[in-house]
1. How big is the dipole moment of the chain about its Cα centre under a simple scheme where the beta carbon of each Lys and Arg is +1, that of each Asp and Glu is -1, and everything else is neutral? Debye, nearest 20, please.
2. Quick one: helix 251-263 against the long Cα principal axis of the chain, what's the angle to the nearest 10°, folded into 0 to 90?
3. When the C-alpha atoms of the range 303-384 are aligned to their principal axes, what extent does each axis show, in angstrom, from largest down?
4. Tell me which residues come under 5 Å, amide H to amide H, from LYS106 once H is placed; ignore anything under 5 positions away on its chain.
5. If you fit an axis through the alpha-carbon atoms of helix 43-55 and take the longest principal axis of the Cα set of the chain, what angle between them do you get, 0 to 90°, nearest 10?
6. Could you please rank LEU125, LEU169, placing first whichever residue has the fewest other Cβ atoms within 10 Å of its Cβ?
7. If you take the beta carbon distance between ASN157 and ILE81 as r and set R0 to 22 Å, what does 1/(1 + (r/R0)^6) give as a FRET efficiency, to the nearest 0.05?
8. For a quick protection proxy, order the peptides 334-340, 179-185 by their average other-Cβ count within 10 Å, most packed first.
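We did not get these values from a lab; they are worked out from the coordinates using the rules stated. All values derive from a computational prediction rather than experimental measurement. When we count neighbours, we look across all protein chains shown, and the Cβ atoms used for this are built from the backbone with ideal geometry, even at glycine.
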Amino acid sequence: MKNTFILAFCFSAFFSFAQKKDLASTPPMGWNSWNHFHCDVNETLIKEIADAMLATGMASVGYEYVVIDDCWQIGRDENGILIADRLRFPSGMKSLADYVHSKGLKFGIYSDAGKKTCQERPGSLDSEAIDAKTFAEWGVDYIKYDWCHHGFLKAENIYPIMGAELANLDREIVYSVCNWGWGDPWLWAPDFAHLWRTTWDVEACFDCKGNIIWKSVEEIIDLNMPLAPYAKPGAWNDPDMLEVGNGSLTEDENMAHFALWCMMAAPLMAGNDLRNMEERTLEILSHKELIQINQDPLGIQAFRIYQDPFFEIWLKPLQGGSKALSLFNRSEETIDYQVNWKDLLHLENVYQVKDLINQRIESSTEENLKLSLRANSVLVYRLDL
């Protein structure tokens, strides 16, 4: 009986979701509380982040979702409705969503496909219908749906249930599956979700290794890169939220992190404190031309066209025949390289070349390009006809 119930929900979700693909026709952009604040979230913080998204100009370049991660909920009332922590969110979630909406932004929230969230708060398992309805009534526009305390359930059987409930609402809600790549969600989540995590959680460390759960930026890249064929408008590989401005990442590492997320057509969910960030951090997060590459309507995730142990070249086709090319130095030393455009890309046409990181117009693809790449850095070139 349970299997029949699940199949019915999957069937319903598949056909309802087809009408809502335009919700995320390009990778979602916004902010999430977890990377910097973890459980230390409250109403004042969320309002100040929404204010900062406008004051910094981030909203003007495409950031729109303000998402509260775990720890906002403390229980359920006698009707089974989730209760927000009244000490931290005294005005309630509906009021907070209204505030975010009043700024021209969208409001996101967190729940879990298990009985409890990762921080031991109530999850949505067996309460999918009432939670989806509650989120819609509160004015939620985005839900991150985690994968803790699920017992022996299979993600591909459980995630479609919430997907169907969300798809059948009058309200449009972006659905983010967050089961860390378990069970290959890129194979089944596109039927009902707008994005799905492909990896463990990212750590604010560029190339450290050895942690079982958290992964460095480089490790995340290596896990997400082979999944390029599964990304498309309305359905995105999610290599986790951005750590730009967090931890001990250098300026070059922050830029490489952001640029490569843009090349991978990844959701751009800032994870730093927008109220207190260095000017260079803001410049990286607000880089208009890199964001244009990320938001390109074709929705093609970049793929590697050259790789040796320390140096890679990525290509991302863009709308109108343009191309984005990134060169990535993974070593601890500067690398000198000469780009022979015609041999590398087998070009039939001549393209104008712009260095997006240094904001410099190069000549064209008729001339080879000599360059130097610092350790753990990238250069990104846009080629236009």
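1. 760 debye
2. So the helix axis and the longest Cα principal axis differ by about 70 degrees.
3. The Cα atoms of the range 303-384 stretch 36, 24, 21 Å along their principal axes.
4. TYR65, VAL66
5. Value to nearest ten degrees: 30.
6. Lowest to highest Cβ neighbour count: LEU169, LEU125.
7. Calculated value: 0.30.
8. Packing order, densest peptide first, comes out as 179-185, 334-340.
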